[in-house]
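Participant: To start, I am sharing the structure in question, which I have written as structure tokens.
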Amino acid sequence: MSVFELGATSATIGLIHATSAPGTRITLADTAWQRIHAAREVVDRLAAGDAPVYGLNTGLGGNVSYRLSPTEIEAFQVQMIRGRCIGVGEPFPEPLARMMLLCRIIGLAQGGSGISPHVLALMLAIFNAGLTPVIPSRGSIGAGDLGLCAHIGAVVIGEGHVFANGQTRPAHEALTQTGLLSAKLGPKDALAILNASSITTGHAAAVLAELCELLSLSAVTAALTDEGYAANPAIFDARLATARPASGQERAAAMFRGLLHGSYLHDPGAPRSIQDALSFRVLSQIYGPTITSVEAAIEAVETELNAQSDNPLVLTEPGLILSTANFHTPAIALAFDTLAIALTHLATAASYRIIKLMNPALSGLAKYLSPIGGAPVGFNSLQKTVAALHAEIRLRATPASLDSLPVSDSVEDHAPHTPLTIRKLEEQLLPFRLLIAIEALVAAQAVDMRGQPRLAAPTSLLYDAIRAQIPMLTEDRATGPDVDATAALMRSPDLLARIITAAGPDWAIPRII
């Protein structure tokens, strides 16, 4: 069983994936516990005083003007959690919810929440016991995830439900069976659990990992398509990229040079044209800004992961608790809206390349890539699938962070809708994965029909993996199952790792897991 110590250094998205794997356990570093105890001393001191402190001895949101008496504070913790369990819809899958719980634990370990040490210790014990809060997937607008983090808080007080060994159970039953007692919450403890963006952070971390995998697969697939089309690789010349070093363009061009190193395309007379269609020519121009957009999203998510995003925030040095808006996550929302648009650009170019490969006037190959000619449809009907997948991807490119409705007596009158930006990017990934599979399948057919010329090492790995399971199309057959099989084999982590290694040191797409 792997044991991870958290809180001594900054956490990364990769660490979140590794630490949340089944069977792992976590501990907190001594330095983290020192921060937690120091912050709690500030909370206890101010809770015993008369000065109004938001969320400590006042109501929340539109009820901020209500002053809690000392006798109300303890009951208010449970009331706060129960009244804010507003999540609806299907719950997040258990592995994803486990990542969200982990993100909240990491956030609490920063010390800014002032949570009681015994409450955080219980959360660690819940995680280590393999219990995971059941968290509904809808109910947050990105101005903190109070209404979804409340479902974590419910488990801490023995309410709500948990996943245990793949089954959903009442939290109090699961806690009792594992020898854990629900927590008695002190001043600010409920708000410490609730007022953060841990649901957003965990979801974003999961989506970014899959996105990076898909971008890597799409890049090598585009390179294989270049070989099937006999495109001109001179477009990736370093001098051209340097002439206008736009965002990420030089790195993307170097990556494609690595992907096509050793290919027959570099032989004299191999490229069929001195200038190909834009969907082939602009690969470095569209992958470059996509790569930098991914890096910006990773930075935004890892900033949030390691941040003290609590409201109010405990400042141990002056011994104060101050109201903040650090829970607001527009940086993540804008990054994910940008990625959804960038992914649509990649999908559009891929769709055009697929269609052009089937056009004999453009590819120089047989119509619809059917080697027998005549009436057979070849791959032509798959163009409809391409169009359907592209439409689905494009639909979800509409920005979600543009506006919001004011809530809570108009006190909360701005929201970035970060969870929605993440969810709609996630919803692009399956159709994008299938679109990549179609391009890879069609590119492999084009390579065969071009006489199986010498491929670059990375593209050869992809081609061989396809042909090991799916034979060349020699007569009409159902191609949908071939697409699904291609998508499945391209999920192999070993295949992708070998492709990236073969591509050389200039690989530019981030690798998270």
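What follows draws every value from the coordinates through simple rules; no lab data is involved. All values derive from a computational prediction rather than experimental measurement. Note that each Cβ is placed from the backbone with ideal geometry, even for glycine, and that neighbours are counted across all protein chains shown.
Participant: Between Ser381 and Asp476, 0.36 nm times their residue separation minus their Cα-Cα distance comes to what?
Facilitator: 33.1 nm
Participant: Sticking with this one: By average Cβ neighbour count within 10 Å, what is the ranking of 5-13, 224-232, 443-451, 315-323 from highest down?
Facilitator: Values: 5-13: 16.4, 224-232: 25.7, 443-451: 21.4, 315-323: 13.8.
The peptides rank, most packed first, as 224-232, 443-451, 5-13, 315-323.
Participant: Could you line up Asp482, Asp464 from fewest to most neighbouring Cβ atoms inside 10 Å?
Facilitator: On the way: Asp482 21, Asp464 12.
Listed from fewest to most nearby Cβ atoms, that is Asp464, Asp482.
Participant: If one takes the longest principal axis of the Cα atoms in the chain, at what angle in degrees, from 0 to 90 and to the nearest 10, does the Cα axis of helix 94-108 lie?
Facilitator: With rounding to tens, the tilt is 50 degrees.
Participant: Moving to a separate point now. If each DSSP helix of 4+ residues adds -39,500 (n - 2.57) and the sum is divided by the residues in the chain, what number results at 222 nm, nearest 500 deg cm²/dmol?
Facilitator: Values: 20 runs with 275 residues, N = 513.
That comes out to -17000 deg cm²/dmol.
Participant: Tell me, what is the FRET efficiency for Ser404 and Arg67 to the nearest 0.05, using R0 = 25 angstrom and their Cβ-Cβ distance as r? Each step should come with its number before you reach the end.
Facilitator: Values: r = 29 Å, r/R0 = 1.16.
For R0 = 25 Å, the calculated efficiency reads 0.30.
Participant: Size of the dipole of region 3-196 about the Cα centre, Lys and Arg at +1 and Asp and Glu at -1 on the beta carbon, nothing else charged, in debye to 20? Kindly include the intermediate steps, with their values, before the conclusion.
Facilitator: On the way: 13 positive and 13 negative charges, 27 e Å.
About 120 debye.
Participant: Can you give the charge dipole size of the chain about its Cα centre, rounded to the nearest 20 debye, using +1 on the beta carbon of Lys and Arg and -1 on the beta carbon of Asp and Glu?
Facilitator: Details: 35 positive and 44 negative charges, 188 e Å.
Using Cβ point charges on Lys, Arg, Asp and Glu, the chain gives about 900 debye.
Participant: May I ask you to list the chymotrypsin sites (Phe, Trp or Tyr not before Pro) in region 41-119 that are in a DSSP loop and have at most 12 other Cβ atoms within 10 Å of their Cβ?
Facilitator: Listed in order of number, the matching sites are Tyr66.
Participant: Aspartates and glutamates within cross-link reach of Lys188: Cα-Cα under 13 Å, excluding same-chain residues under 8 positions apart?
Facilitator: Glu41, Asp44, Glu72, Glu74, Asp310
Participant: Enumerate by residue number the GluC sites (Glu not before Pro) in region 278-308 meeting two conditions: DSSP loop (anything except H, G, I, E, B), and at most 11 other Cβ atoms within 10 Å of the site's Cβ.
Facilitator: Details: sites: Glu295, Glu299, Glu302, Glu304; in loops: none.
Taking region 278-308 and a limit of 11 other Cβ atoms within 10 Å, no loop GluC sites (Glu not before Pro) are found.
Participant: Given the options Gln445, His161, Pro330, identify the residue whose Cα lies farthest towards the positive end of the charge dipole of the chain (+1 on Cβ of Lys, Arg; -1 on Cβ of Asp, Glu).
Facilitator: The one lying farthest along the dipole's positive direction is Gln445.
Participant: Just to confirm the number: angle between the C-alpha axis of helix 457-469 and the first principal axis of the chain, 0 to 90 degrees, nearest 10?
Facilitator: Once rounded, the angle reads 90 degrees.
Participant: Tell me which residues come under 5 Å, amide H to amide H, from Ile135 once H is placed; ignore anything under 5 positions away on its chain.
Facilitator: Those qualifying (amide H under 5 Å, at least 5 residues apart or on another chain) are Phe92.
Participant: Please list, in chain and number order, the residues 5+ apart from Thr58 or on another chain whose amide H is under 5 Å from its amide H, with Hs placed from the backbone.
Facilitator: Long-range HN contacts for Thr58: Val53, Leu68.
Participant: Would you list which lysines come within 21 Å of Lys384, measuring only between C-alpha atoms, while excluding same-chain residues fewer than 8 positions from it?
Facilitator: Candidates past the 8-residue exclusion: Lys356, Lys367.
Participant: Once amide H atoms are built 1.01 Å from N in the peptide plane, which residues 5 or more positions from Leu315, or in another chain, come under 5 Å H to H?
Facilitator: For Leu315, whose amide H was placed from the backbone, the distant partners under 5 Å are Leu320, Ile321, Leu322.
Participant: Among the DSSP beta bridges whose two residues both lie in the chain, what percent are antiparallel, rounded to the nearest 5?
Facilitator: About 80 percent, rounded to the nearest 5.
Participant: Given the Cα-Cα distance of Asn128 and Ala21 and 0.36 nm per residue of separation, how much length would full extension add, in nm?
Facilitator: 37.4 nm
Participant: Just one of (i) 71, 63, 50; (ii) 85, 49, 42; (iii) 78, 43, 42 is Cα extents along the principal axes in Å calculated from these coordinates, so which is it?
Facilitator: (ii)
Participant: Roughly how many nanometres apart are two label points built 7 Å out from the Cα toward the Cβ at Glu299 and Thr176?
Facilitator: According to this spin-label approximation, the distance is 5.2 nm.
Participant: Can I ask one more? Against the longest principal axis of the chain, how steep is helix 73-83, in degrees 0 to 90 to the nearest 10, with axes from Cα atoms?
Facilitator: Helix 73-83 sits roughly 30 degrees off the main axis of the chain.
Participant: If you don't mind, there's one more thing I want to ask. Taking the Cα-to-Cβ direction at Arg511 and at Ala388 and moving 7 Å from each Cα, how far apart do the two end points lie in nm?
Facilitator: With each label placed 7 Å out from Cα toward Cβ, I get 3.6 nm.
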